[in-house]
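Notes follow the structure.
All of the numbers you see were taken from the coordinates with simple rules; none came from a lab. Not measured: the values here are computed from a predicted model. FYI the Cβ positions are ideal-geometry reconstructions off the backbone, even for glycines, and counts take in every protein chain you see.
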Amino acid sequence: MKIFGLIGYPLSHSFSKKYFTQKFAKENIKDCSYELFPIEEIDQLPELISNIRELRGLNVTIPYKEKVIDFLDELEEGAKAVAAVNTIRIADQKLTGYNTDVFGFEKSLRGFVEKSRRGFPEKALILGTGGAAKAVHYVLEKLGIKSLMVSRSIDKGQLNYTDLDALIIKENQLIINTTPLGMSPDIQSFPSLPYREIGRDHLLFDLVYNPGKTVFLEKGEDQGAAIQNGLDMLYGQAEKAWEIWNQ
Ligand code: NAP
């Protein structure tokens, strides 16, 4: 038996448990299970790993994505750059940390740009400055897309929402929402942008996946922009974790 699972606290609903449990059933994977490990403190991790000998891999969620790094033997390049881990591979008593949001976002963005037939944008705006924003920034840099982070605070990003005028919107043809605005149940909220400046050459990517079409995406679509939600990225990051655990 191989055991996989999720650490975080508290763990109420979990996309990963549902995803992997359904995957094991659908693909007739018989010797694997996916469990929830709601540990109250991250220093309970070594005990968890030594108690469950069959543990082969873990996903990591709030509040341990950064704190878990001190407990790992190695960090993959993307996780190191973003300074956050959402996947751990356990092999030969060695723990390696990965950030599969990086892989999920890159794969989804490539597919989106291709499908949109607009070509790769040169410049982008990243709305928000949290963990997901850092993963997005790392991918954009890797792809040679210059990006600026937009924050509510003057000291966090390079821009404030009040700085976003017609010129900035025109110059940045890719706009990525990494804030939770628009996410269920708060589905009426959206980032504060001059939406009328968005046009047919724009690409709007929302990391939010529930609902499938947020107000942010709806407003962009009304202006003729190509749109993409975060569902494809979510599946992409989960599949990458599976690939890492089975290397
Ligand atoms: P986070 O670390 O909490 O960061 C969210 C950022 O959004 C904050 O740093 C903040 O930036 C901004 N923000 C928060 N509340 C806001 C508000 N009311 N108005 C405007 N800006 C606000 O969260 P995260 O882990 O980066 O995740 C962000 C979102 O991405 C979540 O909705 C999450 O579900 C989604 N996500 C999706 C995927 C996927 O696979 N599709 C993967 C990862 C995350 P400032 O304080 O600088 O304004």
(request) Estimate the FRET efficiency between L231 and Q93 by the formula 1/(1 + (r/R0)^6), using the beta-carbon distance for r and 25 Å for R0, to the nearest 0.05. (result) 0.10
(message) Need the full-extension length gain, E41 to Q188, defined as separation in residues times 0.36 nm minus the C-alpha distance. One decimal, nm.
(response) 49.4 nm
(request) Taking the dipole about the Cα centre of the chain, with the C-beta of Lys and Arg at +1 and of Asp and Glu at -1, give me whichever of S151, I126, A225 is farthest to the positive side. (result) A225
(request) Express in whole angstrom the spacing between the alpha-carbon centres of segment 74-93 and segment 113-174. (result) 25 Å
(message) Can you tell me the length gained on complete extension of the stretch N246 to F71, counting 0.36 nm per residue apart and subtracting the Cα distance?
(response) 60.9 nm
(message) Which of I88, I176, I168 ends up with the largest GNM mean-square fluctuation for the chain, with Cα atoms connected below 10 Å?
(response) I168
(request) Quick one: which residues, 5+ away or cross-chain, put their amide H under 5 Å from the amide H of L95? H built at 1.01 Å from N. (result) D73, E74
(request) Would you calculate a helix-derived [θ] at 222 nm for the chain, using -39,500 (n - 2.57) for each DSSP H run of n ≥ 4 and dividing by the full residue count, to the nearest 500? (result) -10000 deg cm²/dmol
(request) Can you bin segment 156-214 into rounded, prolate or oblate? Criterion: square roots of the alpha carbon gyration tensor eigenvalues sorted a ≥ b ≥ c, rounded for a/c under 1.5, prolate for a/b above b/c, oblate for the rest. (result) prolate
(message) Could you identify which residue out of I42, I126, I198 has the top mean-square fluctuation in a GNM of the chain using Cα springs shorter than 10 Å?
(response) I42
(message) Starting from the 7 Å offset along Cα-to-Cβ, what nm value, one decimal, do you get for the label separation of D165 and N28?
(response) 6.4 nm
(request) Based on alpha-carbon positions alone, could you give the equivalent ellipsoid semi-axes of segment 91-209 from the gyration tensor, as √(5λ), descending, whole Å? (result) 25, 18, 15
(request) Provide the FRET efficiency to the nearest 0.05 for the E221-K123 pair, computing r from the beta carbons and using R0 = 25 Å. (result) 0.75
(message) How far apart, in nanometres, would the label points at E141 and I52 be if each is projected 7 angstrom from Cα along the Cα-to-Cβ direction?
(response) 3.3 nm
(request) Putting +1 on Lys and Arg Cβ atoms and -1 on Asp and Glu Cβ atoms, find which of T87, M183, Q44 reaches farthest to the positive end of the dipole of the chain. (result) M183
(request) Only bridges with both residues in the chain count here: give the DSSP antiparallel percent, nearest 5. (result) 20 percent
(message) Mean-square fluctuation check for the chain, GNM, Cα pairs under 10 Å: which of Q22, Q237, Q223 is largest?
(response) Q22
(request) With a ≥ b ≥ c taken as the square roots of the eigenvalues of the C-alpha gyration tensor of segment 144-247, please select rounded if a/c is under 1.5 and otherwise prolate if a/b is larger than b/c or oblate if it is not? (result) prolate
(request) List the trypsin sites (Lys or Arg not before Pro) within segment 205-247 that fall in a DSSP loop (any state other than H, G, I, E or B) and whose Cβ has at most 15 other Cβ atoms within 10 Å. (result) K213
(message) Let me make sure I get this right: for segment 1-61, a, b and c are the square roots of the gyration tensor eigenvalues over alpha carbons, sorted descending. Under 1.5 in a/c it's rounded, otherwise prolate if a/b > b/c, else oblate. Which is it?
(response) oblate
(request) Return M233, M149, M183, M1 ranked ascending by Cβ neighbour count within 10 Å, so the fewest neighbours appear first. (result) M1, M183, M149, M233
(message) For a quick size check, give me the Cα extents of the chain along its three principal axes, largest first, whole Å.
(response) 58, 40, 34
